[in-house]
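A.B. asks: Can you keep this structure in mind? I'll have questions shortly.
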Amino acid sequence: MATNAVLHHNKPVMTAKGLFHELEVYPDRLVIRRTDLISRLFGHDEVISYDQIKSIHTYKSLFLIDNGSQLVIISYSGKSRALSYGAHQQHSAQKIKDSVENFLSHREVVSQMNMVQSH
């Protein structure tokens, strides 16, 4: 029963606006909403479930003039998504990273508990 409640969670736990996107964090997924004109006209929102995420990292961006950062999400399939944040948005990017890592570690603990109970 609790799983259904999580899967249908409609309000983001956290939102962070980046340079060309808005990233929404839910208990079971991330949603990347592109905000640049071309992506809004021809693209679509990208949904990434936590089961797909292998790791998440923040890096100082070498390409942004204002000492911004990149939030990089790496999936088990090898696909990576790099989201850019300006200097004034770096705190939001770090909070997103910490939140996602928290969800991922919680998922790992639950998975390990289920394995122990099944043996």
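A.B. asks: Within the range 19-30, can you find the residues that are modelled with pLDDT of 90 or more and either closer than 16 Å to ASP98 by Cα or open to solvent by 60 Å² or more (accessible area, probe 1.4 Å) (or both)? Can you show your working first?
C.D. replies: Of all residues in the range 19-30, those modelled with pLDDT of 90 or more come to 21-26, 29-30.
If the condition is that a residue be modelled with pLDDT of 90 or more and either closer than 16 Å to ASP98 by Cα or open to solvent by 60 Å² or more (accessible area, probe 1.4 Å) (or both), then LEU23, GLU24, VAL25, TYR26, ARG29, LEU30 are the ones that fit.
A.B. asks: So, of the residues in the range 51-65 that are modelled with pLDDT of 90 or more and surrounded by fewer than 16 Cβ atoms within 10 Å (Cβ to Cβ), which turns out to be farthest from SER75 (Cα to Cα)?
C.D. replies: By that ranking, first place goes to HIS57.
The values are calculated or read from the model by the stated rules, or taken from the named source; none is laboratory data. This one's a predicted model, so the numbers in the text were calculated from it and none came from an experiment. FYI the Cβ positions are ideal-geometry reconstructions off the backbone, even for glycines, and counts take in every protein chain you see. Note: accessible area is taken over every heavy atom of the protein model, side chains too, but ligands, DNA and RNA are not part of it. Shrake-Rupley method; radii C 1.70, N 1.55, O 1.52, S 1.80 Å.
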